[in-house]
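Worksheet: one structure, shown below.
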Amino acid sequence: MLPRLVLLLTAACMARAEFLRVEVHMKDMDCASCSVSLGKAFEKLRGVKHVDLSMNDGAVILELADQNRVTLEQVWDAIKRVGFTPGETKVVVRGAVKGDALTISVLDKTIKIEGRAAESENIELKGTLTPPPDPRTPMKLRIAE
């Protein structure tokens, strides 16, 4: 019985699913004090390990902690609250791929995949998303080749 329990616990740990890195580009990132406010907002967000802001590139890069529950909607909303407009978002995400869908179990979220990804219970993908104009619109992850 004990070996089976150890196997189940090991499988549960290996099946973690979450965003690992998020890089959001903004065309209107032109206010230095607003950028500082944005950085502080992300530093307070539970699950954010490191924040890097680049006014020159108009981007914020978030490195996320293991087993975080940070969603893209939270990231995009924080950017909007400071007065910027979130744009193209590059991500590194871990989840389960079945068919053309990526399931992020920790967040209870499924994202449609555009591109090729091997079916797997625990796969790390790199890709790009664009914030949908309507929050009810399903997200699409374009896999980086």
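Yes or no: GLN67 in a helix (DSSP H, G or I) and closer than 15 Å to GLU18 by Cβ? Reasoning before the result, please.
Details: in a helix (DSSP H, G or I): no; closer than 15 Å to GLU18 by Cβ: yes.
No; evaluated as a whole, the condition is false for this residue.
Take residues that are in contact (Cβ under 8 Å) with a residue 60 or more places away in the chain and not acidic (Asp, Glu) and tell me which of the strands (runs of 3 or more DSSP E) falling wholly in region 83-145 contain 1 or more. Can you show your working first?
Values: elements: 86-98, 101-104, 109-114, 120-129, 140-143.
Of the strands (runs of 3 or more DSSP E) lying wholly inside region 83-145, those with at least 1 residues that are in contact (Cβ under 8 Å) with a residue 60 or more places away in the chain and not acidic (Asp, Glu) span 86-98, 101-104, 120-129.
Taking the condition modelled with pLDDT of 90 or more and closer than 22 Å to ASN122 by Cβ, does LYS49 pass?
Working: modelled with pLDDT of 90 or more: yes; closer than 22 Å to ASN122 by Cβ: yes.
Considered against the rule, which asks whether it is modelled with pLDDT of 90 or more and closer than 22 Å to ASN122 by Cβ, LYS49 comes out as yes.
Among residues belonging to region 64-92 that are small (Gly, Ala, Ser) and surrounded by fewer than 17 Cβ atoms within 10 Å (Cβ to Cβ), point out the one that is farthest from the chain's Cα centre (by Cα).
Start the filter on region 64-92 by keeping residues that are small (Gly, Ala, Ser), which leaves 65, 78, 83, 87.
After this cut, where a residue has to be surrounded by fewer than 17 Cβ atoms within 10 Å (Cβ to Cβ) as well, the list is 65, 83.
Working: ALA65: 11, GLY83: 21 Å.
Top of the filtered list is GLY83.
Which residue is surrounded by the fewest Cβ atoms within 10 Å (Cβ to Cβ), if the candidates are limited to region 22-39 and must be touching a residue at least 12 places away in the same chain (Cβ under 8 Å) and among the hydroxyl-bearing types (Ser, Thr, Tyr)?
SER37
State all residues of region 40-63 that are free of Cβ contacts under 8 Å to residues at least 40 places away in the same chain and either crowded, with 16+ Cβ neighbours inside 10 Å or within 14 Å of the chain's Cα centre (by Cα) (or both); if no residue qualifies, say none. Show your work before the answer.
As a first pass, look at region 40-63 and keep what is free of Cβ contacts under 8 Å to residues at least 40 places away in the same chain: 40, 42-60.
If the condition is that a residue be free of Cβ contacts under 8 Å to residues at least 40 places away in the same chain and either crowded, with 16+ Cβ neighbours inside 10 Å or within 14 Å of the chain's Cα centre (by Cα) (or both), then PHE42, LEU45, ARG46, GLY47, VAL48, LYS49, HIS50, VAL51, LEU53, GLY58, ALA59, VAL60 are the ones that fit.
Going by the conditions given, is ASP57 closer than 15 Å to ARG81 by Cβ, part of a loop (DSSP other than H, G, I, E, B) and at pLDDT 80 or above?
Details: closer than 15 Å to ARG81 by Cβ: no; part of a loop (DSSP other than H, G, I, E, B): yes; at pLDDT 80 or above: yes.
Answer is no for this residue.
So which of VAL92, VAL36, VAL22, VAL75 is out of contact with any His (no Cβ under 9 Å at 6 or more places or on another chain) and more than 16 Å from THR128 (Cα to Cα)?
On the way: VAL92 fails: more than 16 Å from THR128 (Cα to Cα); VAL22 fails: more than 16 Å from THR128 (Cα to Cα); VAL75 fails: more than 16 Å from THR128 (Cα to Cα).
From the options VAL92, VAL36, VAL22, VAL75, the qualifying one is VAL36.
The values are calculated or read from the model by the stated rules, or taken from the named source; none is laboratory data. Just so it is clear, the model here is predicted, and its values are computed rather than measured. Methodologically, a virtual Cβ is constructed for each residue, glycine included, from the backbone with ideal geometry; neighbour enumeration extends over all protein chains shown.
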